[in-house]
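The values are calculated or read from the model by the stated rules, or taken from the named source; none is laboratory data. The shown structure was predicted, so the numbers you read here are calculated from the model rather than taken from an experiment. Virtual Cβ from ideal backbone geometry, glycine too; neighbours counted across all protein chains shown. The area values use the complete protein model at the heavy-atom level, side chains included, leaving out ligands, DNA and RNA. Shrake-Rupley method; radii C 1.70, N 1.55, O 1.52, S 1.80 Å.
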Amino acid sequence: QPSRTVDIRGMKWILYGTPIERLGFMRAPYTDAPKESGRLNLPQSRIDEFVGWAYGSEDPLAVHAFGDAAIETYVAAIERGGRPEVWREKRPRIEHGDMMAPDLIPRVKAMGMVLVQNPTHFMFPEIFLQRYGAERLAWMQPMKSILKAGIPLAIGSDGATNPFLNIMAASTHPANPKEAITREEAVTAYTAGAAFAKFKEKEKGQLAVGMLADLAVLSADVFTAPPAEMEAIKSVLTMMGGRIVHETGAVR
């Protein structure tokens, strides 16, 4: 049930295993396992079914998809499942989307889909080079390309819950530096972008008149701190809806 601080709704599906076990569904085999291309957790018929449910309901749709073949399967189901103008209102989400190949980006844009990325995934370049090779590493985990295409981008924490570590990873992108975004863009994705992804952009995500006073005063400037120091940034005062929910006494 929704509460003041937690609102759980919608449908969430996971299409793949993790790339660590080489289970992300790929168009071409893994570089370090030429006989393996991963797999889908669900048959195409089941994917079409839940996409149809989402199209015919008010529930948001979030689908975890890692692997260019997994993402294409999801996008194709969305394309078959209804009209782009309806999907743009529904904002179907791609969770992770790390292997969104360049040819998929315009299709994602056309259907009004939202990418929810987790930049701590970018911090394993050696593993990704082994798994996918240099050619695929050069386009995997797009961020700058996503923004350039006009696709709504949100950032979430996934594994490590430290937002400042994720902002550092997004703005340095150890696995694919040419896809790094600015810290301003990363903070926007973490705030306004995340609010848009959950249909709350009229309530939160910005410091503006009429919005909820959700804010944090930080121990350092997230826009200028050296990258190596960002993980250590803390909130010294946190407000939710204008009410102080955490403070260290550092703010007077």
### Summary
Note on the stretch 189-209: residues open to solvent by less than 80 Å² (accessible area, probe 1.4 Å) and more than 25 Å from Ile8 (Cβ to Cβ) are Ala208
### Task
Hey, can you tell me all the residues within the stretch 1-30 that are in a loop (DSSP other than H, G, I, E, B) and of a type in the set (Lys, Arg)?
Arg4, Arg9, Arg22, Arg27
### Task
Could you grab me the full set of residues in the stretch 31-76 that are assigned to a strand (DSSP E or B) and more than 23 Å from the chain's Cα centre (by Cα)?
Ala33
#### Entry: strands (runs of 3 or more DSSP E) fully within the stretch 171-252 counting 1 or more residues that are in contact with an Asp or Glu (Cβ under 8 Å, 6 or more places away or on another chain), aliphatic (A, V, I, L, M) and over 23 Å from Ile151 (Cα atoms)
235-240
#### Entry: Odd one out for Ser235 among (1) closer than 26 Å to Arg9 by Cα; (2) of a type in the set (Ser, Thr, Tyr); (3) out of contact with any Lys or Arg (no Cβ under 9 Å at 6 or more places or on another chain)
(1)
